[in-house]
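Reading through the structure tokens given below for one structure.
The values are calculated or read from the model by the stated rules, or taken from the named source; none is laboratory data. The structure presented is a predicted model; accordingly, all values stated were derived computationally and were not measured. No Cβ is skipped: glycine too gets one built from the backbone with ideal geometry, and neighbour counts run over all protein chains shown. Each accessible area value is taken on the protein alone, full model and side chains, heavy atoms only, with ligands, DNA and RNA left out. Shrake-Rupley method; radii C 1.70, N 1.55, O 1.52, S 1.80 Å.
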Amino acid sequence: MKTTAAINVAWKARGLDEDTARDVYERVTGKRRLTLMTSTEQRSVLAEFNGTPVAARAKGLTGPYAKKLQALWIAGWNLGIVHDRRDSAMLSFIKRQTGIEHTAFLRAAADARKAVEALKGWLTRAGGVDWSAFSDAQDCVIAAQLKALSRSRDSVGYKATGITSAAGAKAVDSIAKVALMRLLGEQIRAKAAEAPIADLRQVGAN
């Protein structure tokens, strides 16, 4: 069995999700993709998984509001304003907003609203998202991404999408939009690498 295949078997057998597995990749090698690693680095990752207890280090997100909150958090990542895409970072944010430690315990609508509105407000202020522009939240995020890249239309990622307007993005199905947001996000993070990092502690402070 190839090392890459053995790694995929190992993290799935331990009940990890893909994002958590990639967190392990990054912690061990500094890279989030197996294809970017040397054979030695891949073996190091495999050794790490083989020494990982079967119980996952991080429990998957559960609860009625988990999916929406995670989607907003990843939108922030793809807008270049979230600098740690891990669920654990999002849970820390939620705890600061609500005092509740995990989405599994986030049941009251009022508590969820605090976290959701704080995230959406941050994405508006720092990411330029206009939630009233489209009925689909994905289109709103893509519009903000395209605006952020509008001064860098020579970027490979921007050209590769074949989409230069939010109206064009509306014609793409939901699955393709996720891929589009990721591609645009890579370009935005590259541009933002030299920009000051936003202080997450200030989010929702007002």
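For segment 92-119, a residue qualifies if it is open to solvent by 50 Å² or more (accessible area, probe 1.4 Å) and among the acidic types (Asp, Glu), and the qualifying residues are GLU101, GLU117.
Are any of the residues in segment 163-183 hydrophobic (A, V, I, L, M, F, W, C), modelled with pLDDT of 90 or more and either surrounded by 15 or more Cβ atoms within 10 Å (Cβ to Cβ) or touching a strand residue (DSSP E or B) at 6+ places or on another chain (Cβ under 6 Å) (or both)? Taking every residue of segment 163-183 in turn, none turns out to be hydrophobic (A, V, I, L, M, F, W, C), modelled with pLDDT of 90 or more and either surrounded by 15 or more Cβ atoms within 10 Å (Cβ to Cβ) or touching a strand residue (DSSP E or B) at 6+ places or on another chain (Cβ under 6 Å) (or both).
Does ALA89 satisfy the condition of being under 14 Å from the mean Cα position of the chain (by Cα) and either farther than 20 Å from ARG32 by Cα or open to solvent by less than 50 Å² (accessible area, probe 1.4 Å) (or both)? Judged against the criteria, ALA89 is a match.
For segment 34-93, a residue qualifies if it is among the β-branched types (Val, Ile, Thr) and modelled with pLDDT under 85, and the qualifying residues are THR52, VAL54, THR62.
Restricting attention to segment 1-28, the residues that are open to solvent by 30 Å² or more (accessible area, probe 1.4 Å) and more than 23 Å from ALA71 (Cα to Cα) add up to 11.
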